[in-house]
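Chemist: To start, I am sharing the structure in question, which I have written as structure tokens.
The values are calculated or read from the model by the stated rules, or taken from the named source; none is laboratory data. What you are looking at is a predicted structure, and each value in this text was computed from that prediction instead of being measured. Glycine gets a Cβ as well: all are built from the backbone with ideal geometry, and neighbour counts include every protein chain shown.
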Amino acid sequence: MSLSKEKMVAMFKTMNRIRLFETKLQEFFAAGRIPGFVHLYIGEEAVATGACASLTDTDSITSTHRGHGHLIAKGGNLKLMMAEIFGKSSGYCKGKGGSMHIADFDLGILGANGIVGGGGPLAVGAGLAAKYRKTKDVTVCFFGDGASNQGTTQEALNLASAWKLPVVFVNENNGYGISCPQCKSMAVTDIADRAAAYDMPGVVVDGNDVLAVYEAVNEAVKRARKGEGPSLIECKTYRWRGHFEGDACTYRCDEELKEWIAKDPIPRFEEKLVENGVLKADGVARIKAELAAELDEAIAFAEKSPLPEPSALLDDVYA
Amino acid sequence: MTTAAILANPASGKDIRRLVAHGSVFDNQEKVRMVRRLLLGLARTGVERVIYMPDAYGIVPRALNSIEVPLLVEAIEMPVANSQEDTIRAAEIAETLGAGVLVVLGGDGTSRAAAKGTREVPIMALSTGTNNVFPVMIETTVAGLAAGLVAANRLPREATCRRACLLEILMNDEPADIALVDAAVYTDLFVASRAVWDMDKVPRLFMTRAAPEAIGLSAIGGQLTSILPGEPRGLALTLAAHNGGTPVTAAIAPGMFATVHVQDMETMLPGRVFAVEESPCLIAVDGEREVIVRRGQRAGVRLSTDGPLVVDIRATMARARDARLFTGPANGKNNHEKRRGS
């Protein structure tokens with residue numbers, strides 16, 4: 001595995017940045033300080049971080065309703081994200097889209113997506129554009145286990161393979177589609193098994209091990225850049241919070257949650273970095289303090305930004 | 001009660017070697033079909049009970065969906081961790097429950113896990129993994145027959161099973177892990193996706209067997225010499241970082257070739273410890289980065305002749321033929337047919 005120390009530290013920062021951002025949103029939602037729903041990514045940080053670590057700004061991602069982690073890992077601006085979630089005019093969508101519509105085309109973030117399974121066709125479109133333009137850019141399509149049962153996702157897998165497009169399908173299998181456990185909605189346990197039907201490589205990785213995710217996605221990205229077509233990587237992971245904030249989670253037990261909290265991807269990575277001399281304990285503390293300050297700035301920016309003017313209600317309406 | 005155990009690994013055949021090499025995606029439904037045919041074979045031999053490792057997919061219960069077999073089929077009572085610990089634990093429990101044979105569906109890694117659980121119950125390893133040196137590719141209908149004959153003790157043990165060798169991985173002189181086929185020193189610090197494909201990071205390679213037709217890391221040794229399974233010797237190779245030594249090209253993964261430079265080749269005799277000079281490093285066992293050697297730890301590799309008992313399917317079936325177990329009017333029917341006819 002050819003990862004520099006700097007790169008590993010950057011990945012560690014990204015994971016913590018996501019965790020801090022989401023934990024703060026959890027507090028804000030409980031306090032009634034943000035409008036609309038949020039679907040938090042706590043527990044799944046290794047997937048977005050490991051997957052985006054192989055991408056450049058000209059590569060693209062398509063995201064999901066649980067998209068904050070993907071956006072942060074792809075370099076999304078925390079101030080603009082926080083302002084958007086606060087519904088402020090300085091946000092990514094001028095405060096009118098909220099959590100599930102954040103996009104930043106300059107960074108290749110083709111958008112979070114409120115439609116389950118909505119990202120697959122977009123990723124195929126981006127992949128087709130890259131192939132047509134001969135740019136060598138790659139698109140990572142994040143999708144959940146629920147989305148993997150949508151026709152759109154299967155159509156996207158099929159077309160990406162048929163046209164040999166540079167798309168890496170990264171499945172985040174957290175075991176539940178909203179409140180429905182995978183065993184009640186799916187005839188298979190490994191979504192990667194479905195890759196065989198589309199003549200593409202299918203791989204299962206530990207989605208709570210950021211280096212395992214990185215290695216697999218890195219290889220898939222290399223394949224895609226060489227014109228060898230798409231891949232499907234299934235990351236087994238778990239969301240600590242409910243489907244949305246406020247979800248009572250009556251469909252799962254505390255023991256299951258505790259088992260997964262014990263597999264928290266962040267301390268796992270931290271231990272490896274400290275053990276191998278990549279980071280020292282005081283370095284970890286310094287990083288966390290810097291990230292907290294960075295987040296405070298984003299919150300302050302969002303808080304002091306104005307709400308959209310009523311006169312702007314019909315701006316940017318296309319249909 | 002004559003008992004056979006089935007340990008079918010739902011995770012085998014799905015690792016990163018489908019990306020870095022050209023390994024097949026081995027879906028679990030295919031394992032279901034294999035187990036179905038295995039059960040039909042077992043039912044022909046006098047086996048009365050089958051115990052199996054539970055898994056999230058339900059490989060064995062699904063296999064029973066479309067067949068009727070005169071077997072008591074029971075899940076081993078154990079927690080499912082969805083890791084190799086399941087295979088180790090299931091093998092241990094199967095021994096205590098009196099299993100006469102352990103049929104393992106997986107690759108080299110799964111076979112190794114089973115051998116960590118028991119050395120006394122004969123193991124029949126059937127290939128569903130990636131680099132398969134230890135398990136065999138054979139139609140499971142016939143494998144079921146052979147496994148059943150072993151479980152039911154219908155043939156002399158010495159005619160059906162042989163003791164395999166293994167590699168003991170020593171940490172500060174104490175056994176810490178095992179490998180059934182090969183152990184590779186890997187100069188990386190992170191286990192990550194486990195598989196080994198970057199041979200520039202492998203300075204030392206140890207193996208219990210070597211065959212020119214093999215796949216995987218032991219295929220490198222197989223291009224230099226032959227060591228039969230169970231033969232009480234192994235092979236230790238020192239690989240040069242770059243050029244130098246004897247260049248050897250071998251298939252180290254499906255569809256993937258590597259050329260390494262063999263600087264030194266030594267025969268491993270049982271009991272002799274080969275020190276691992278690198279520290280820190282990883283030791284990959286049977287193709288998977290597994291053992292972490294921390295700075296200052298002293299690691300070594302030693303050949304042992306005390307490996308698992310392995311069912312020789314070909315020898316078992318040949319002996320069954322010689323004993324006319326499936327020949328003549330009294331032997332063509334199984335219990336199931338008798339029951340239906342009564």
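Chemist: Working carefully through the options A:Ala30, A:Ala46, A:Ala53, find the one that is surrounded by fewer than 23 Cβ atoms within 10 Å (Cβ to Cβ), touching a residue at least 40 places away in the same chain (Cβ under 8 Å) and under 30 Å from A:Lys222 (Cβ atoms).
Modeler: It is A:Ala53.
Chemist: Which condition from (1) at pLDDT 95 or above; (2) in a strand (DSSP E or B); (3) under 24 Å from the mean Cα position of the chain (by Cα) is the one that B:Val262 breaks?
Modeler: Single failed check for B:Val262: (3).
Chemist: Give region B:84-125 a look and list any residue that's under 23 Å from B:Asp27 (Cα atoms) and among the polar types (S, T, N, Q), or say none.
Modeler: B:Gln84, B:Thr87, B:Thr110, B:Ser111
Chemist: Still on this structure: Out of the helices (runs of 4 or more DSSP H) lying entirely within region A:194-309, which hold 1 or more residues that are closer than 25 Å to B:Phe190 by Cβ and more than 14 Å from chain B (Cβ to nearest Cβ)?
Modeler: Helices (runs of 4 or more DSSP H) meeting the threshold: A:254-261, A:265-275, A:281-304.
Chemist: Being within 19 Å of the chain's Cα centre (by Cα) and among the β-branched types (Val, Ile, Thr) is the filter; apply it to region B:17-50 and report the residue that is farthest from the other protein chains (Cβ to nearest Cβ).
Modeler: Per the criteria, the residue is B:Val35.
Chemist: Now for a different question. Listed residues B:Pro79, B:Pro70, B:Pro61; which is over 20 Å from B:Ala114 (Cα atoms), surrounded by fewer than 20 Cβ atoms within 10 Å (Cβ to Cβ) and without any contact (Cβ under 8 Å) to a residue 24 or more places away in the chain?
Modeler: B:Pro61
Chemist: With respect to B:Pro270, is the statement that it is touching a residue at least 24 places away in the same chain (Cβ under 8 Å), over 19 Å from B:Asn132 (Cβ atoms) and assigned to a loop (DSSP other than H, G, I, E, B) true?
Modeler: yes
Chemist: Let me ask another. Does any residue of region A:33-40 turn out to be surrounded by fewer than 21 Cβ atoms within 10 Å (Cβ to Cβ), within 16 Å of the chain's Cα centre (by Cα) and in contact (Cβ under 8 Å) with a residue 60 or more places away in the chain?
Modeler: No.
Chemist: Are there any pairs with C-beta distances below 7 angstrom linking a residue in region B:171-190 that is over 12 Å from B:Cys281 (Cα atoms) and in the same structural domain as B:Thr208 (by TED's automatic domain parsing) to a residue that is assigned to a strand (DSSP E or B) and among the acidic types (Asp, Glu), with the two at least 6 apart or on different chains, and if so which?
Modeler: Going by the 7 Å Cβ cut-off, the qualifying pairs are B:Pro175/B:Glu168; B:Asp177/B:Glu290; B:Ile178/B:Glu168.
Chemist: Residues in region B:84-98 that are touching a residue at least 24 places away in the same chain (Cβ under 8 Å) and hydroxyl-bearing (Ser, Thr, Tyr): how many?
Modeler: So the answer is 1.
Chemist: Regarding B:Ala251, is this residue of a type outside the set (S, T, N, Q), closer than 23 Å to B:Asp188 by Cβ, surrounded by 14 or more Cβ atoms within 10 Å (Cβ to Cβ) and out of contact with any helix residue (DSSP H, G or I) (no Cβ under 8 Å at 6 or more places or on another chain)?
Modeler: Taking the combined requirement at face value, the residue does not satisfy it.
Chemist: Of the conditions (1) within 19 Å of B:Ile138 (Cβ to Cβ); (2) surrounded by fewer than 21 Cβ atoms within 10 Å (Cβ to Cβ); (3) among the aliphatic types (A, V, I, L, M), B:Ile123 fails just one. Which one is it?
Modeler: (2)
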